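Here's the structure we're looking at; comments come further down.
The values are calculated or read from the model by the stated rules, or taken from the named source; none is laboratory data. Remember, predicted model here, so these are calculated numbers, not experimental data. Every residue, glycine among them, receives a Cβ derived from its backbone with ideal geometry; neighbour counts consider all protein chains shown.
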Amino acid sequence: MRLYKTAVLVAALSMSVLSFSTCLLGKTWYVKPDQTGDAPTIQAAIDSSGTGDTVLVAPGTYTQTYIFFQYKDMLSIIGEEGAEKTILNLSGMSCYIFAAFCDSLIVKGFTFEESTGVGVNFTAVSRSVIESNIFRNNESHAIHISGPFPAGAGEAADLEALPGLPCVTIRDNLIYSNGAGISIYEWTDLVRISNNTIACNAEFGIDTGNMTMEDILNNIIIGNAIGVSGYGVHLTTKCNDVWGNETNYQMTDPTGSNGNISMDPQFCGVDPVASGNFYIQSDSPCAPGNHPDGYSCGLIGRFPVGCGTTSTKERSWGEIKSLFK
């Protein structure tokens with residue numbers, strides 16, 4: 001009898017663990033342009049979501065007003081078929097996604113365009129990822145991060161138990177023709193900016209403000225007024241190609257160290273802004289194995305090799321800027 005009860009107890013506990021694990025997977029809220037999905041709008045889906053949920057957005061163009069939410073944890077907002085097919089057009093609104101006091105967000109697979117303000121604004125958001133998006137033709141910053149994350153909100157108390165984990169990761173994005181690129185202000189935790197292509201923004205490509213910890217890794221930063229600006233106490237720059245900006249660095253120039261270079265990245269598109277073609281040529285210094293100093297950087301920038309060698313010439317900053325109008 002005791003053996004039987006033990007077996008029943010083990011089975012019951014197993015079912016409880018299984019049920020708990022299933023709950024952690026969360027619910028998927030499917031949003032469609034014709035408002036016939038699980039929720040009529042992205043905002044409505046986020047408002048209805050709980051911890052661990054996913055807002056999955058079908059291909060199409062969305063012209064809703066800006067999205068605001070706070071105190072949401074483990075929420076994923078994902079374009080189902082990627083940025084090229086999932087367009088968030090603000091049509092004059094000031095900001096598209098504004099998240100505050102959240103933990104473990106993912107924003108992935110969207111094109112953010114035509115905002116009179118910021119594309120994505122994170123305020124006091126921890127352990128979150130902005131990846132594989134396109135930001136273009138926004139009047140202000142493509143991405144703006146501010147903080148610091150306040151103790152007691154979301155899962156902030158757990159941050160100290162995860163040393164070295166980026167508080168926000170910004171990776172694999174294409175950011176071009178905005179008022180500015182990526183800005184970080186009043187922030188005290190690690191931000192990692194990696195493998196982005198940041199081109200022809202009216203002000204800066206990356207501005208770290210008074211950041212205390214930041215990794216800037218494997219980015220192409222070209223044709224901006226200022227490439228990288230900042231004075232963070234612990235600022236790591238490695239394997240970046242910062243070239244053809246009016247001012248490449250408004251800080252100590254790391255070119256020539258840690259794999260940082262300043263060379264034409266050799267895009268496949270002759271006019272990449274017009275064509276959207278920011279893939280690199282096979283002989284680009286940003287392609288894996290082509291680093292001029294033999295540094296093992298792997299891919300620099302957002303896009304891999306997409307064409308063979310084409311003839312290039314040295315260009316002045318004015319000539320470079322004219323390509324990105």
Of the conditions (1) surrounded by fewer than 19 Cβ atoms within 10 Å (Cβ to Cβ); (2) farther than 19 Å from residue 170 by Cα, the single one that residue 90 does not satisfy is (1)
Filtering the stretch 215-243 for residues that are of a type in the set (Phe, Trp, Tyr) and under 16 Å from residue 257 (Cα atoms) leaves a count of 1
Within the stretch 286-308, restricting to residues that are in a loop (DSSP other than H, G, I, E, B) and among the hydrophobic types (A, V, I, L, M, F, W, C), the one that is surrounded by the most Cβ atoms within 10 Å (Cβ to Cβ) is 286
Checklist entry - Out of curiosity, is residue 48 out of contact with any Lys or Arg (no Cβ under 6 Å at 6 or more places or on another chain), on the phi > 0 side of the Ramachandran plot and surrounded by fewer than 18 Cβ atoms within 10 Å (Cβ to Cβ)? => result no
Here the residues within the stretch 288-308 that are within 19 Å of residue 255 (Cβ to Cβ) and more than 21 Å from the chain's Cα centre (by Cα) are 290, 291, 292, 293, 294, 295, 296
Of the residues in the stretch 219-247 that are surrounded by fewer than 24 Cβ atoms within 10 Å (Cβ to Cβ) and of a type in the set (S, T, N, Q), the one that is nearest to residue 291 (Cα to Cα) is 236
Residue set 241, 207, 215; condition over 17 Å from the mean Cα position of the chain (by Cα) and charged (D, E, K, R); output residue 241
Scanning the stretch 146-187 for residues that are part of a loop (DSSP other than H, G, I, E, B), buried (at least 23 other Cβ atoms within 10 Å of the Cβ) and at pLDDT 60 or above gives 167, 173, 178, 187
Residue pairs within 7 Å by beta carbon, gap of at least six or interchain, first lying in the stretch 239-268 and without any contact (Cβ under 8 Å) to a residue 12 or more places away in the chain, second crowded, with 22+ Cβ neighbours inside 10 Å, listed first then second, are none
Result of the Cβ filter at 8 Å on the stretch 46-70, keeping first residues that are free of Cβ contacts under 8 Å to residues at least 24 places away in the same chain and partners that are in a strand (DSSP E or B), at least 6 apart or interchain, is 47/69; 48/29
(request) Kindly indicate whether any position in the stretch 309-320 is within 24 Å of residue 172 (Cβ to Cβ), in a loop (DSSP other than H, G, I, E, B) and either modelled with pLDDT under 90 or over 23 Å from the mean Cα position of the chain (by Cα) (or both). (result) no
Inset, instruction - May I ask you to verify whether residue 128 is hydroxyl-bearing (Ser, Thr, Tyr) and touching a residue at least 40 places away in the same chain (Cβ under 8 Å)? - result: yes
By residue number, the members of the stretch 255-276 that are in a loop (DSSP other than H, G, I, E, B) and modelled with pLDDT of 95 or more are 255, 256, 257, 258, 259, 260, 262, 263, 264, 265, 266, 268
Listed by first then second residue, the pairs whose first member lies in the stretch 107-125 and is at pLDDT below 95 and surrounded by fewer than 20 Cβ atoms within 10 Å (Cβ to Cβ), whose partner is aromatic (Phe, Trp, Tyr) and outside any loop (DSSP other than H, G, I, E, B), with beta carbons under 8 Å and at least 6 positions apart or on separate chains, are 123/98; 123/101
For the stretch 199-211, pairs from a residue that is of a type in the set (Ser, Thr, Tyr) to a residue that is assigned to a loop (DSSP other than H, G, I, E, B) and modelled with pLDDT under 95, with Cβ under 6 Å and 6 or more apart or across chains, are 208/230; 208/232
Picked from the stretch 126-145 (must be surrounded by fewer than 21 Cβ atoms within 10 Å (Cβ to Cβ) and not in a strand (DSSP E or B)), the residue nearest to the chain's Cα centre (by Cα) is 132
**Message:** Can you say whether residue 83 is at pLDDT 95 or above, crowded, with 18+ Cβ neighbours inside 10 Å and either acidic (Asp, Glu) or farther than 19 Å from residue 131 by Cβ (or both), as far as the supplied structure shows?
**Reply:** no
Within the stretch 188-202, of all residues that are at pLDDT 95 or above, in a loop (DSSP other than H, G, I, E, B) and on the phi < 0 side of the Ramachandran plot, the one surrounded by the fewest Cβ atoms within 10 Å (Cβ to Cβ) is 202
Within the stretch 52-70, the residues that are surrounded by fewer than 19 Cβ atoms within 10 Å (Cβ to Cβ), outside any strand (DSSP E or B) and either at pLDDT 95 or above or in contact with a Gly (Cβ under 6 Å, 6 or more places away or on another chain) (or both) are 52, 58, 59
